[in-house]
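The values are calculated or read from the model by the stated rules, or taken from the named source; none is laboratory data. Computed from a predicted structure; not experimentally measured. As a convention, Cβ positions derive from the backbone with ideal geometry for all residues, glycine included, and neighbour counts pool all protein chains shown.
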Amino acid sequence: MCPRVKPIQKLLIANRGEIACRVIRSARHLGIRTVAVYSDADENALHVAQADEACRLGPPKAAESYLKVEAILEAAKATGADAVHPGYGFLAENAGFARAVAAAGMVFVGPTPGQIEAMGDKARARSLAEAAGVPVVPGSRRFGMGDLDDLESAAQAVGYPLLVKAAAGGGGIGMRLVEEQSQLRKVAEATQTMAERSFGDGAVFLERFIPKARHVEIQVFGFGDGRAVHLFERDCSLQRRFQKVVEESPAPGLPAAVRDRMARAAVDLAESQRYAGAGTVEFIVDAATFEFFFLEMNTRIQVEHPVTEMITGQDLVSLQLRLARGEALTDLVQAGLMVRGHAIECRLYAENPDKMFLPSPGKLTELRLPEPGPSVRVDTGVREGDAITAWYDPMIAKLVCWGQTREEALANMAAALAETRIEGISNNIRFLRRVMEHAAFARGDVFTGFLETYRQDLVG
């Protein structure tokens, strides 16, 4: 079993925006006081207003605020926080940060530093998945910075088209498509340079690219003692620039036998690592054959976690906090987890779909979101009058709609988007409405190239 720890009295949330607000809700429900941190750009942000206390970190630049480990630890000490929740992004999958939190005598709400390291390096994660019997996409060895010996022969073995991927990357960052050998070396060198600059590690590897693929992920929760459960799957195939826009559960048209094998593989991987807490095992699925391969494991809460919460009735953030404070979680058993209905999430962004989804920072002169209820959930970190700055991710809110069937969930989402009004900045509401209304999406023909394939139907 996980070692017992003292009850968490005060939680510092090392993040901002909607995920900080989301964590505050669950912490408050558990009777835990919260501490928000903020950069100068976020001094008047919603998460700051909602927390019990708040501490300034520094200037707007993330490297001088939300990525500054020393400043976050100092804020935690100054406020008497005994635990830290990293949210997603920023330092959420930084093993050094997790170690620093523990060394300072506080609880890190997440997996162990070793587990973060093991899954954070994509090449190493592939090896661990293979060892656990999880199928992986054909790929190459790791090519360190400046080391591109035998690159072409490795590519021939993997097969074209292929992806050049940063070993330490995540969230679609550091991933480039190569369709023929003439492009290979130039793309590999550029990806190494970008990876070194972005992650401090220029290593890359090659991976087979499946032309018509689906992105399906399994939500897992590990107890840290070799046991784990899954909370079913999410289809995250609708993406632009390898980043998700629409997610749903259950995955439409996925055969039950494939779903079961994928879930079992995800649990096997989590159990092999004695994983502790919430995690997501991502798979690429051949849309034609339903053959699936391990993609990566994210050792944190996901942006799209509300989809899972809507169909299972579970509060994943609450489960994270309860495990972190030493609860046995005897109520969380596989036999007790069931899918109820269907849920779809749309991410509302301050961006211009007509201009290649270019971010559109500015003031939200009007923000009208649907009224939350049993079939509609709204997660946001902004209010009318707030600014979406150029410093951070331009997400405005997440709309999550539930229905007894996928058709009902789609109808509820269409209605929720119709109710939503955003003025002052460009946004993707019209784009999302067209996605929901598209015949191919309605029949469940989803794949990672969907938005590009039907671009002319969705923009303009």
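Some points to look at:
- Meets criteria (crowded, with 18+ Cβ neighbours inside 10 Å, modelled with pLDDT of 95 or more and assigned to a helix (DSSP H, G or I)) for Ala251: no
- Residues satisfying the criterion are absent from the range 327-339 (criterion: within 22 Å of the chain's Cα centre (by Cα), crowded, with 19+ Cβ neighbours inside 10 Å and more than 20 Å from Ile19 (Cβ to Cβ)).
- Of the residues making up the range 216-229, just one is within 17 Å of the chain's Cα centre (by Cα) and either surrounded by fewer than 20 Cβ atoms within 10 Å (Cβ to Cβ) or within 22 Å of Ser375 (Cα to Cα) (or both), namely Gln219.
- Scope the range 120-147; condition aliphatic (A, V, I, L, M) and buried (at least 17 other Cβ atoms within 10 Å of the Cβ); matching residues: Ala123, Ala125, Leu128, Ala129, Ala132, Val134, Val136, Val137
- Residue in the range 355-369 that is in contact (Cβ under 8 Å) with a residue 60 or more places away in the chain, among the acidic types (Asp, Glu), farther than 21 Å from Asp235 by Cβ and outside any helix (DSSP H, G or I) present: no
- Some residue of the range 302-313 being touching a residue at least 24 places away in the same chain (Cβ under 8 Å) and either assigned to a strand (DSSP E or B) or touching a Pro at 6+ places or on another chain (Cβ under 6 Å) (or both): no
One line per residue, one yes/no per condition, for (1) buried (at least 21 other Cβ atoms within 10 Å of the Cβ); (2) without any contact (Cβ under 8 Å) to a residue 40 or more places away in the chain:
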position	(1), (2)
Ser153	no, yes
Met194	no, yes
Leu206	yes, no
Arg214	yes, no
Arg240	no, no
Pro255	no, yes
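- Reported count of residues in the range 7-41, each being over 15 Å from Leu319 (Cα atoms), in a strand (DSSP E or B) and not polar (S, T, N, Q), is 8.
- Of all the numbered requirements in (1) of a type outside the set (Lys, Arg); (2) on the phi > 0 side of the Ramachandran plot; (3) in contact with a Gly (Cβ under 7 Å, 6 or more places away or on another chain), Gly326 misses one, and that requirement is (3).
- Residues located in the range 178-192, provided they are surrounded by 14 or more Cβ atoms within 10 Å (Cβ to Cβ), assigned to a helix (DSSP H, G or I) and touching a residue at least 12 places away in the same chain (Cβ under 8 Å): Leu184, Arg185, Val187, Ala188, Glu189, Thr191, Gln192
- Applying the criterion of at least 1 residues that are of a type in the set (Gly, Ala, Ser) and buried (at least 18 other Cβ atoms within 10 Å of the Cβ) to the helices (runs of 4 or more DSSP H) found wholly in the range 394-453 leaves 406-419.
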